[in-house]
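One structure below.
The values are calculated or read from the model by the stated rules, or taken from the named source; none is laboratory data. Computed from a predicted model, the values in this text were never measured in an experiment. Ideal geometry is used to build each Cβ from the backbone, glycine not excepted, and the neighbour counts take in all protein chains shown.
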Amino acid sequence: MNIKVIVDKDKCTGCRACETNCPVNAISFLADREGFLAPQIDKNICIECGKCYVKCPSNTDYCKNLAEVGYVVQYGKTKLTKQSASGGAFVGLAIYFLEKCKALVVGASLCDDLVVRHIVISSSKEITKLQNSKYVQSNIGNIYKIVAEALKNNKIVLFTGTPCQIAGLYASLPQKEYSNLYTADIVCHGVPSPFFLKRSLDENSKTKQGKVVSYKFRHKNPITKSTSSYIMMMKMMRGLPIVREPKNDPYFNLFMQGMSFRESCYQCRYACLTRPGDFTMGDCDSKMFYPDFHPKESNSILLINSEKARKIWNAVKKEFDYVSLDVQREANYNHQLKHPYVRPTERDELYNVIFTNDWKIVNNKFSKIPSKIARYKLLLLAFIPNGIINIYSKIRNYFN
């Protein structure tokens with residue numbers, strides 16, 4: 001009995017717990033036809049012990065914490081907060097663990113080869129490596145074994161990731177409870193294929209500016225009053241960056257519409273208020289009910305899901321601006337705290353279309369091509385200082 005035979009492909013999250021638990025290293029992870037990492041079993045090595053199946057989070061429930069208490073938060077006025085996707089919930093926790101607890105912090109990082117991987121940091125100077133949203137499934141690699149070794153050596157660890165990755169960590173550890181392990185899951189909407197992102201970056205590298213050297217999905221849109229409007233920015237080898245609104249980029253557009261997710265995302269068992277992590281972090285989607293709390297900024301939510309998390313929150317909360325969050329109401333607006341994204345019928349042939357057609361066809365089919373004027377305007381305004389942005393907004397409102 002092994003994981004590949006018994007676990008439905010549509011339920012596999014790619015967490016890699018089965019690979020970590022295999023006593024004979026018979027399991028490896030390779031890209032499937034859609035570019036998602038999936039378990040491959042060497043039948044010549046497999047001893048049919050069943051450990052991969054027993055430990056698999058698709059078969060064992062690792063959601064142990066009911067989120068009943070939470071806060072809307074802003075972490076101070078630091079440079080790191082300004083670089084955050086929203087209110088700096090992660091930054092505040094990471095700084096506390098790194099500086100006060102001398103801990104290791106684990107999270108997803110955009111590496112030099114443009115692949116998102118889970119890495120370990122040990123200094124506040126490295127926090128930027130783990131900041132901002134990465135709308136792709138990160139490669140876990142052997143990070144569970146690294147964390148297990150750190151815990152064995154009595155190091156304090158804060159592990160952050162998607163809920164299925166948190167569950168994968170718990171499934172991979174040799175014992176159930178560690179007093180020195182803390183986990184923070186994110187409110188995840190779903191993950192597209194890493195190979196889809198790679199193709200997008202490769203195609204965008206075919207420009208006069210050379211290759212894409214870095215990218216950011218959530219650069220604050222400077223020309224809107226909305227605190228939750230973002231633009232995608234790709235830094236190029238030379239010259240100006242490529243700046244797009246979500247609708248103008250096929251990868252980002254399909255992500256925002258929930259059309260390119262891994263199949264398991266559409267039946268995600270973690271899209272609810274029973275969480276695997278001690279903490280849950282995300283954007284505040286019920287912001288309109290807290291009109292006096294940092295009204296011109298994007299705020300975070302921080303859910304306190306366990307007694308361990310409560311003790312940490314009591315120690316770190318003085319570093320935050322915060323108000324109590326109505327958790328049930330937030331779930332009504334932040335749907336991934338209530339139910340998974342509904343699978344669109346277009347998902348059936350989506351990746352076949354993406355990987356078998358010329359990129360120009362993919363671009364035309366799945367994005368709205370902006371005019372040259374619109375592109376130049378967005379590029380210009382992305383670099384205009386806030387003061388000038390405010391003047392521009394007033395002039396625009398006057399004539400409208």
For this session: Could you please tell me which pairs satisfy a Cβ distance under 7 Å, a separation of 6+ or placement on different chains, a first residue in segment 330-352 that is in contact (Cβ under 8 Å) with a residue 40 or more places away in the chain and more than 22 Å from Tyr251 (Cα to Cα), and a second residue that is in a helix (DSSP H, G or I) and among the small types (Gly, Ala, Ser)?
Result: Leu337/Ala331; Lys338/Ala331
Exercise. Can you spot a residue in segment 156-164 that is more than 30 Å from Arg347 (Cβ to Cβ) and part of a loop (DSSP other than H, G, I, E, B)?
Worked result: yes
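Could you list, in sequence order, the residues of segment 101-155 that are in a helix (DSSP H, G or I) and either farther than 18 Å from Leu173 by Cα or in the same structural domain as Leu201 (by TED's automatic domain parsing) (or both)?
Once the filter is applied, which keeps residues that are in a helix (DSSP H, G or I) and either farther than 18 Å from Leu173 by Cα or in the same structural domain as Leu201 (by TED's automatic domain parsing) (or both), segment 101-155 yields Ser124, Lys125, Glu126, Ile127, Thr128, Lys129, Leu130.
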Exercise. For segment 307-331, how many residues are in a strand (DSSP E or B) and surrounded by fewer than 21 Cβ atoms within 10 Å (Cβ to Cβ)?
Worked result: 3
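Right, Tyr53: assigned to a helix (DSSP H, G or I), out of contact with any His (no Cβ under 6 Å at 6 or more places or on another chain) and surrounded by fewer than 23 Cβ atoms within 10 Å (Cβ to Cβ) or not? Working first, answer last.
On the way: assigned to a helix (DSSP H, G or I): yes; out of contact with any His (no Cβ under 6 Å at 6 or more places or on another chain): yes; surrounded by fewer than 23 Cβ atoms within 10 Å (Cβ to Cβ): yes.
When the stated conditions are applied, Tyr53 passes them.
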Problem set entry | Matching entry among Thr160, Thr128, Thr183 (being free of Cβ contacts under 8 Å to residues at least 60 places away in the same chain, under 23 Å from the mean Cα position of the chain (by Cα) and within 29 Å of Asp285 (Cβ to Cβ)) | Thr128
Exercise. Scanning for something within 27 Å of Gly35 (Cα to Cα) and either within 20 Å of the chain's Cα centre (by Cα) or at pLDDT 95 or above (or both), does segment 287-296 turn up at least one residue?
Worked result: no
Seminar exercise, completed: Flagged in segment 6-25 as among the β-branched types (Val, Ile, Thr) and surrounded by 15 or more Cβ atoms within 10 Å (Cβ to Cβ), in numbering order, are Val7, Thr13, Thr20
For this session: Can you run down the residue pairs with Cβ atoms below 7 Å, 6 or more apart or on separate chains, where the first is in segment 266-278 and over 13 Å from Cys164 (Cα atoms) and the partner is of a type in the set (A, V, I, L, M)?
Result: Leu273/Leu66; Leu273/Ala67; Leu273/Val327; Leu273/Ala331; Leu273/Leu337; Asp278/Ala184; Asp278/Ala309
